[in-house]
Amino acid sequence: HLETNSNIYGRTLNPYNRGLTSGGSSGGEAALVAFHGSPIGLGSDGGGSIRGPTANCGLIGFKQTSGRIPISGTTLMMNGSMACPCVFGPLCRSARDSEYFMKVVIATEPWRTEPDMVPIPWRPVELPKTLTIGVFSDDGVVRPHPPITAAIEKISKLLGAQKNIKIVE
């Protein structure tokens, strides 16, 4: 579950609200970065362990393509787990910091010493003039709770009112 709890140190709390969690399993790193204890953090993600804590702590984080950040010297959760790879990635206070982290790490060309790495240099992404966002809230079988549906409708309406954003159902 997305919680950071230690039998030695106890539960890691959200730096903005001690009644909430910072998330897990990289929740301690996310709390440290959000609290300005570190400029950039490094977490691992196999099922949301970067994405959950960064969302809970108001940070930027992503699960990237496997083989972009070197993992030498680490161990796998269990044998055979490469079918669902765990990747490392940054936990940052801004998208600029996240891009900086990726540029610096990939500029070292880690594939020269780790053959499993993806040998692709960093490329900046050019954003499209119009951002298209797909919205899917109900498949007719499993329906979200009414507050979730209302939130999806509200954010879709707000985003659709922007001149450079197109919402597609």
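The values are calculated or read from the model by the stated rules, or taken from the named source; none is laboratory data. Not measured: the values here are computed from a predicted model. Positions of Cβ are backbone-derived with ideal geometry, glycine not excepted, and every protein chain shown enters the neighbour counts. Side chains included, ligands, DNA and RNA excluded: accessible areas come from the protein's heavy atoms. Shrake-Rupley method; radii C 1.70, N 1.55, O 1.52, S 1.80 Å.
Looking at (1) without any contact (Cβ under 8 Å) to a residue 24 or more places away in the chain; (2) out of contact with any strand residue (DSSP E or B) (no Cβ under 7 Å at 6 or more places or on another chain); (3) not charged (D, E, K, R), find the lone condition where LEU32 falls short.
Result: LEU32 passes all but (2).
For residues that are in contact (Cβ under 8 Å) with a residue 24 or more places away in the chain, β-branched (Val, Ile, Thr) and either open to solvent by 80 Å² or more (accessible area, probe 1.4 Å) or part of a loop (DSSP other than H, G, I, E, B) (or both), tally how many sit in the range 133-150.
Selection size over the range 133-150: 1.
Looking only at the range 26-53, which residues are part of a loop (DSSP other than H, G, I, E, B) and buried (at least 22 other Cβ atoms within 10 Å of the Cβ)?
Going residue by residue through the range 26-53, those that are part of a loop (DSSP other than H, G, I, E, B) are 26, 35-39, 46-50.
Within the range 26-53, SER26, SER49, ILE50 meet the criteria.
If you check THR54 against the conditions, is it over 25 Å from THR4 (Cβ atoms) and without any contact (Cβ under 8 Å) to a residue 60 or more places away in the chain?
Judged against the criteria, THR54 is not a match.
On the given criteria, is GLY134 over 24 Å from the mean Cα position of the chain (by Cα) and over 30 Å from GLY28 (Cβ atoms)? Outline the logic, then answer.
Values: over 24 Å from the mean Cα position of the chain (by Cα): no; over 30 Å from GLY28 (Cβ atoms): yes.
In short, no.
When the range 54-76 is examined, which residues are found to be open to solvent by 40 Å² or more (accessible area, probe 1.4 Å), of a type in the set (Val, Ile, Thr) and part of a loop (DSSP other than H, G, I, E, B)? Walk me through how you get there before you give the answer.
Step one: filter the range 54-76 for residues open to solvent by 40 Å² or more (accessible area, probe 1.4 Å), giving 55-56, 58, 60, 62-63, 65-66, 70-76.
Within this subset, residues satisfying the condition of being of a type in the set (Val, Ile, Thr) are 60, 65, 71, 74-75.
Those that are open to solvent by 40 Å² or more (accessible area, probe 1.4 Å), of a type in the set (Val, Ile, Thr) and part of a loop (DSSP other than H, G, I, E, B): THR65, ILE71, THR74, THR75.
Provide a single number: the residues in the range 92-123 that are open to solvent by 90 Å² or more (accessible area, probe 1.4 Å) and in a helix (DSSP H, G or I).
So the answer is 4.
Residues in the range 159-166: is at least one open to solvent by 90 Å² or more (accessible area, probe 1.4 Å), in contact with a strand residue (DSSP E or B) (Cβ under 9 Å, 6 or more places away or on another chain) and within 21 Å of ALA95 (Cβ to Cβ)?
yes
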